[in-house]
Amino acid sequence: TSSLPSFEFPARQGVPSPKPVVGGQIVLAAPVSTLAHAWVSLLPGLGIAAGIALPVAVLLGLLFAQYITRPIKGLTFASRQMAAGSFDVHVPMGRRDELGDLAEAFSTMAQKVGGSQTQMRMLVANVSHDLKTPLTSILGFARALNTGAAPTEDTARIGGIIEEEANRLATRLNELL
């Protein structure tokens, strides 16, 4: 049933003028077997629609998941390369969304970390060289004095060289600090 307004038409000659009847109801009656039969007749069509829609939805879901996860997998691989010490990493993306921005930022970070790592290695190599040279000289002359391999008349000269190299070493260390 429904509480929709209905109209009453008077039985007059001429043009009927409808008058609303407030509070009227429309009743629709159908046998239960007809309603059950309607559902049963819809089931094959619904089954076919579900049979088509479900594989299409699964396929589209897999494609969308791959579209989302592929860049994440690329970033994961690149981060593992960086963890292994390879900083020459670029994550090509070609996307204009958040994942593309993340990949670009990651590539920039990898480049800057790689540059810092190279500079640090060069610094360590230079410092190592600058410290080894005077230290080797000091150790060599000190050993010569301790073992008696140096003539006694050269002792003062060797002591001066050791002091000079020690001062040079101290200067390098102070510069480094």
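The values are calculated or read from the model by the stated rules, or taken from the named source; none is laboratory data. Just so it is clear, the model here is predicted, and its values are computed rather than measured. With ideal geometry, Cβ positions are generated from the backbone for all residues, glycine too; neighbour counts draw on all protein chains shown. We work out accessible area using only protein heavy atoms, side chains counted, and drop any ligands, DNA or RNA first. Shrake-Rupley method; radii C 1.70, N 1.55, O 1.52, S 1.80 Å.
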Requested in this report: Considering every residue within the stretch 138-155, establish whether at least one is under 30 Å from residue 69 (Cβ atoms), open to solvent by 60 Å² or more (accessible area, probe 1.4 Å), modelled with pLDDT under 90 and hydrophobic (A, V, I, L, M, F, W, C).
Outcome: no
Query raised in the report: Only one of these conditions is not met by residue 134: (1) farther than 23 Å from residue 163 by Cα; (2) surrounded by 11 or more Cβ atoms within 10 Å (Cβ to Cβ). Which number is it?
Result: (1)
Query raised in the report: How do the pairs read when you match residues in the stretch 125-154 that are closer than 23 Å to residue 172 by Cα with residues anywhere that are assigned to a helix (DSSP H, G or I) and open to solvent by 60 Å² or more (accessible area, probe 1.4 Å), using Cβ under 8 Å and keeping only pairs 6 or more apart or on different chains?
Result: 127/172; 127/176; 130/172; 131/172; 131/173; 134/168; 134/172
Query raised in the report: Applying the selection to the stretch 73-124, what residues are aliphatic (A, V, I, L, M), within 30 Å of residue 177 (Cβ to Cβ) and surrounded by 13 or more Cβ atoms within 10 Å (Cβ to Cβ)?
Result: 109, 113
Requested in this report: Inspect all residues belonging to the stretch 51-59 and state whether any of them is in contact (Cβ under 8 Å) with a residue 24 or more places away in the chain and surrounded by 10 or more Cβ atoms within 10 Å (Cβ to Cβ).
Outcome: no
Report task. Quick one: which residue in 124, 56 is more than 30 Å from residue 165 (Cβ to Cβ) and in a helix (DSSP H, G or I)? Result -> 56
Report task. Could you list all residues from the stretch 41-72 that are within 19 Å of the chain's Cα centre (by Cα) and at pLDDT 90 or above? Result -> 64, 65, 66
